[in-house]
Amino acid sequence: MAQLLRVQNFTVSSDGIAAGEDQTLERPFGHVEPERLFSWAGATASWPMRTDAGGSRGLDDYFTRDFDRNIGAEIMGRNKFGPQRGPWPDDAWRGWWGDEPPFRTPVFVMTHHERPSFTLSDTTFHFVGGEPAEVLAQAREAAQGKDVRLGGGVTTIREFLDADLVDAMHVVVSPVKLGTGLRLWESPDELLDRFHLEAVPSPSGVTHHLFWRK
């Protein structure tokens, strides 16, 4: 089977915004409060940070559980990895996720300022330059036959869409309007020249948008 480049569980507002501007260490999503976008996932029984036995089952829970299915590597932009801009002051910053990142695969961080790879638990972070196709080739090799997840943020996903490299996407549209921020689209219809689309509403109020190549 072909290795797919997949976007999984990427959440945007009803006006297509996935993150705010002016990201800082204290505000990873800029001016946007992440709970407004991601409460659908946090309410599920399979949410990885859940500390009790509760949580919802059903459609949202299925997609939360599906996040890691057949994923062998992840690609992310530098702004998903951390708030720093420009040359790294040192190698002290090791991501937002603590000593046990949730990826459990090789992760390729796209940056103009490369730095040595490092491993935390079962996740190895590589810092790579180059065009999207070059980075995807490295990630596919590391994935050893499994799919590659394109983790975001929105600028990185747009880069890979513009390069026509994305094979499938699951985008969750949350019923909140944010007005300003980093926008994935004005409308999902923009992608219908290249993708089939099925939109599936959930009882939680979000709508799951499933895209696959024509």
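No lab work stands behind these numbers, since they all come straight from the coordinates. Nothing here was measured: the structure is a model prediction, and the numbers come from that model. As a convention, Cβ positions derive from the backbone with ideal geometry for all residues, glycine included, and neighbour counts pool all protein chains shown.
Exposure proxy check: D52, D164 ranked by fewest other beta carbons within 10 Å?
D52, D164
Does segment 1-73 classify as rounded, prolate or oblate by the C-alpha gyration tensor (a ≥ b ≥ c root eigenvalues; a/c under 1.5 gives rounded; else a/b over b/c gives prolate, otherwise oblate)?
Oblate, since a/c reaches 1.5 and b/c is not below a/b.
Quick one: order E21, E26 by neighbouring beta-carbon count within 10 Å, fewest to most.
E26, E21
Please rank I71, I17, fewest neighbouring Cβ atoms within 10 Å first, as an exposure proxy.
Ranking I71, I17 by Cβ neighbours within 10 Å, fewest first, gives I71, I17.
For segment 15-129, what is the percent of antiparallel DSSP beta bridges, rounded to the nearest 5?
Taking every DSSP beta bridge with both residues in segment 15-129, the antiparallel ones total about 25 percent.
Give me D for the chain in µm² s⁻¹, whole number, from Stokes-Einstein with Rh from the Kirkwood sum over alpha-carbon pairs, 37 °C and 0.692 mPa s.
184 µm²/s
Looking at the chain only, what percent of DSSP beta bridges run antiparallel? Nearest 5 please.
Here the share of antiparallel DSSP bridges comes out near 45 percent.
Sorted from largest down, what three extents in whole angstroms do the Cα atoms of segment 49-142 have along their principal axes?
44, 28, 21
For the peptides 91-102, 199-210, what is the packing order when you average, over each peptide's residues, the other Cβ atoms within 10 Å and list the highest mean first?
199-210, 91-102
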